[in-house]
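S.K.: One structure coming up, written as structure tokens, with questions to follow.
The values are calculated or read from the model by the stated rules, or taken from the named source; none is laboratory data. Because the structure is predicted, anything quoted here is derived from the model rather than measured. Glycine gets a Cβ as well: all are built from the backbone with ideal geometry, and neighbour counts include every protein chain shown. All accessible areas refer to the heavy atoms of the entire protein, side chains included, with ligands and DNA or RNA removed. Shrake-Rupley method; radii C 1.70, N 1.55, O 1.52, S 1.80 Å.
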Number of protein chains: 2
Amino acid sequence: MSLSLSLNQATVRPLGVAAAAALCARHDIPAIGLWREQVADCGVARAAAAVRSAGLRVSSLCRGGFFTHADPAARAAAVADNVAAIEEAAALGTDVLVLVSGGLVPGSRDVGLARRMIADAVGSLVPAAQRAGVRLGIEPLHPMFCADRCVISSLGEAIDLAVQFPASAVGVVVDTYHVWWDARLPSEVARAAGRIAGFQLADWVLPLPADVLLGRGHVGDGVIDFPAIAAAVLAAGYRGDVEVEIFNERIWAAPADETAATVRERFRAVLGW
Amino acid sequence: MSLSLSLNQATVRPLGVAAAAALCARHDIPAIGLWREQVADCGVARAAAAVRSAGLRVSSLCRGGFFTHADPAARAAAVADNVAAIEEAAALGTDVLVLVSGGLVPGSRDVGLARRMIADAVGSLVPAAQRAGVRLGIEPLHPMFCADRCVISSLGEAIDLAVQFPASAVGVVVDTYHVWWDARLPSEVARAAGRIAGFQLADWVLPLPADVLLGRGHVGDGVIDFPAIAAAVLAAGYRGDVEVEIFNERIWAAPADETAATVRERFRAVLGW
């Protein structure tokens with residue numbers, strides 16, 4: 001059994017939605033993961049039409065989250081913005097909204113406080129998610145982003161949060177770049193059965209660049225054992241698309257067709273899919 | 001109840017053992033953590049004498065480890081070098097050898113293979129450690145170092161490894177910089193009761209520098225909740241010294257007396273000890 005490839009738009013960040021959709025169509029990539037910023041640039045209706053006319057599925061919308069604020073009004077605004085993101089996801093024809101939950105509350109060292117704010121926010125979004133038929137995908141980020149982007153630092157922690165809510169409304173996103181190091185990954189992926197809302201690929205390449213946000217590599221260029229993780233995700237029952245999502249300035253500077261061809265070829269070569 | 005401060009020599013890396021020992025004595029710091037490189041520069045006997053004449057305890061020797069090699073001869077050499085480190089630790093009067101276990105085996109993506117090599121190496125060192133009365137302290141490193149320095153990426157994983165061996169011979173080292181992000185940290189520290197061989201402090205300061213090895217900050221300069229972690233370590237029964245160990249080029253360039261004064265003052269101000 002194999003899973004199907006999707007190109008996350010972040011991999012070709014300079015492109016608008018229509019250009020990225022056309023790129024996928026040219027390279028035999030049947031799905032695309034969209035980003036709210038680029039969708040906003042052209043409008044939701046036009047983005048949906050562009051993807052539809054290219055014959056693509058939308059594997060996810062990236063991203064909601066960033067729930068951790070000291071000011072209650074800022075927290076309420078974050079929830080409202082996430083409700084809007086849920087509605088955008090539905091309008092774009094995807095049933096997954098990826099969440100990057102937020103780092104420490106500014107001025108606070110209390111990781112537990114940040115985690116409670118995230119749990120509260122996710123809980124308050126469940127009704128909107130269920131109405132829209134969109135699943136919130138809690139994505140654990142690598143622990144090096146714990147302070148400033150996401151205090152949910154391991155898959156186990158994301159699952160512990162997700163299982164507080166209905167599986168139809170809240171799942172987890174497995175991104176190889178963020179979770180590959182975890183000795184508990186195999187057992188946690190198994191525990192995530194029925195909760196995996198998304199599966200994303202990027203490789204861990206050394207040395208890390210000055211901006212550690214941008215250090216990801218093409219599948220196969222680094223140290224991650226993709227076949228092992230993919231087999232675990234498949235064994236856990238995941239049947240959705242597999243997004244390749246790479247943040248890397250050198251890849252953004254490369255011709256998009258070259259990038260898409262590499263994504264397509266590595267997916268076949270490394271995973272055999 | 002309070003614990004006692006130790007200055008890990010890495011915090012004042014340009015200094016030799018004798019100068020670092022004198023620095024501790026001047027700043028009311030009753031213990032020092034030594035590094036093999038600096039000990040080798042002056043010889044074990046002279047290093048031991050310098051520390052003794054300054055009236056200090058040696059809280060640990062850093063470091064053994066780096067067990068992960070494809071070549072069996074290289075693995076055997078690493079074990080032999082660690083036996084030597086155990087003997088050095090005993091000669092220096094400390095009962096703790098800190099281990100940084102090693103990253104992925106070069107040319108391999110198999111984290112499990114690296115972990116098995118580490119378990120084998122630690123097991124083979126147990127008799128030498130018991131003979132010398134030196135405990136091996138398995139230190140989990142932050143997951144951003146998993147590929148190239150240490151595949152033991154969480155405290156839980158370090159404990160899982162340590163408990164395979166006698167508690168007198170193998171423990172774990174809790175370094176705030178490496179483990180602060182972990183949602184399971186409180187429960188894992190509790191589980192480590194009787195196994196905590198060392199406790200080290202450094203703060204997580206943003207932004208990360210270009211070389212992520214060197215991004216640590218003085219206690220209180222970053223986001224880590226030291227009182228919470230220290231209380232958990234104390235509750236788990238740890239009664240050893242607390243090393244401040246900071247890798248930071250700006251701190252290395254500062255006058256050592258200024259650094260030691262800051263270490264001393266922050267330890268009092270942040271932990272109240």
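S.K.: If you take the Cα atoms of the protein assembly as shown, find Rg, then find the Kirkwood Rh from the mean of 1/r over all pairs, what is Rg/Rh?
M.R.: That ratio equals 1.01.
S.K.: Here's another thing I want to ask about it. Would you mind checking the radius of gyration and Dmax of the stretch B:210-273 based on alpha-carbon positions, in Å?
M.R.: Rg and Dmax of the stretch B:210-273, Cα atoms, are 12.9, 37 Å.
S.K.: Over every pair of different alpha-carbon atoms in the stretch B:100-166, take the mean of 1/r and invert it; report that Kirkwood radius in Å.
M.R.: Values: mean 1/r = 0.0819 Å⁻¹.
Averaging 1/r across every pair of different Cα atoms and inverting gives 12.2 Å.
S.K.: If the label for residue A:26 sits 7 angstrom from Cα along the Cα-to-Cβ line, what are its distances to the same label in every other copy, in nm to one decimal, shortest first?
M.R.: Here the equivalent label points are 6.6 nm apart from this one.
S.K.: Using alpha-carbon pairs under 8 Å, 6+ residues apart, how would you state the relative contact order of the stretch A:161-211 in percent?
M.R.: 44
S.K.: Related question: The stretch B:171-201: which residues show an accessible-area loss of 40 Å² or more, assembly versus chain alone, 1.4 Å probe?
M.R.: SASA drop of 40 Å² or more in the stretch B:171-201: B:180, B:181, B:183, B:184.
S.K.: Then there's this: Please express the shape of the stretch A:1-84 as an equivalent ellipsoid: the semi-axes are the square roots of 5 times the eigenvalues of the C-alpha gyration tensor, given largest first in whole angstrom.
M.R.: In descending order the semi-axes read 28, 14, 10 Å.
S.K.: Computed on alpha carbon atoms, what radius of gyration and Dmax characterise the stretch B:145-187, expressed in Å?
M.R.: Here Rg and the maximum Cα pair distance are 11.0, 29 Å.
S.K.: Mind checking which helices in chain B clear 18 Å along their axis (Cα) and have mean Kyte-Doolittle hydropathy of 0.0 or more, DSSP H runs only? Mind showing how you got there, number by number?
M.R.: Details: long enough: B:72-92 (30 Å, 0.78); B:111-132 (31 Å, 0.62); B:256-271 (22 Å, -0.20).
For chain B, where a helix must reach 18 Å along its axis and average at least 0.0, the hits are B:72-92, B:111-132.
S.K.: Express the carbon and sulfur contribution to the solvent-accessible surface of the protein assembly as shown as a percent, rounded to the nearest whole number, probe 1.4 angstrom.
M.R.: Answer for the protein assembly as shown: carbon and sulfur cover 55 percent of the accessible area.
S.K.: Roughly what % antiparallel, to the nearest 5, for the DSSP beta bridges in chain B?
M.R.: 5
S.K.: Can you give the extra length, in nm with one decimal, that the chain gains between residue B:235 and residue B:49 once fully stretched, where that is 0.36 nm per residue apart less the Cα-Cα distance?
M.R.: Using 0.36 nm per residue and subtracting the Cα-Cα distance, I get 63.5 nm.
S.K.: Dipole size in debye (nearest 20) for the protein assembly as shown around its Cα centre, Lys and Arg Cβ +1, Asp and Glu Cβ -1?
M.R.: Computed charge dipole of the protein assembly as shown: roughly 660 debye.
S.K.: Run the numbers on chain B and let me know its relative contact order in percent, using alpha-carbon pairs under 8 Å that are six or more apart.
M.R.: Values: 562 pairs, mean separation 54.0, N = 273.
Result for chain B is 20 percent.
S.K.: Now, a different point. Any idea what the relative contact order of the stretch B:131-273 is, in percent, if you count C-alpha pairs under 8 Å spaced at least 6 apart? Please report the intermediate quantities before stating the final value.
M.R.: Numbers: 234 pairs, mean separation 29.2, N = 143.
Relative contact order here is 20 percent.
S.K.: At 1.4 Å probe size, with every protein chain present, just tell me what the per residue accessible area of chain B comes to in Å².
M.R.: Numbers: 9610 Å² over 273 residues.
Solvent-accessible surface per residue comes out at 35 Å².
S.K.: OK, next. Note down the Stokes-Einstein diffusion coefficient of the stretch B:18-62 in µm²/s, whole number, using a Kirkwood radius over alpha carbon pairs, 10 °C, and 1.306 mPa s.
M.R.: The diffusion coefficient I find is 156 µm²/s.
S.K.: Using a 1.4 Å probe on protein heavy atoms only, how many Å² of accessible area do B and A hide from each other, summed over both chains and rounded to 100?
M.R.: Summing both chains' loss of accessible area gives about 2500 Å².
S.K.: Something else about it: Suppose we take every Cα in the stretch B:12-143 and form the convex hull; what volume per residue is that in Å³? Intermediate results must be reported in sequence, preceding the final value.
M.R.: Working: hull volume 14.9 nm³, N = 132.
Enclosed volume per residue, from the Cα hull, is 113 Å³.
S.K.: What does the copy distance list look like for residue B:210, label position 7 Å along Cα→Cβ, in nm and ordered from shortest?
M.R.: When each copy's label point is compared with this one, the spacings are 0.6 nm.
S.K.: Suppose you put the label 7 Å out from Cα in the Cβ direction; list, shortest first and in nm with one decimal, how far residue A:49 is from each other copy's label.
M.R.: Relative to the other copies, residue A:49 has label-point distances of 8.7 nm.
S.K.: Over the alpha-carbon set of the stretch B:39-113, work out the extent along each principal axis and list the three values in angstrom, largest first.
M.R.: The Cα atoms of the stretch B:39-113 stretch 48, 20, 18 Å along the principal axes, largest first.
S.K.: Nearest 5 is fine: what % of DSSP beta bridges in the stretch A:1-129 come out antiparallel, could you say?
M.R.: Here the antiparallel bridges make up roughly 0 percent for the stretch A:1-129.
S.K.: Taking R0 as 22 Å, what FRET efficiency do you get between residue B:84 and residue B:168 from their Cβ-Cβ distance, rounded to the nearest 0.05?
M.R.: 0.60
S.K.: Additional query: With the calculation restricted to Cα positions, what are the radius of gyration and Dmax of chain B in angstrom?
M.R.: Expressed in Å, the Cα Rg and Dmax of chain B come to 17.3, 49.
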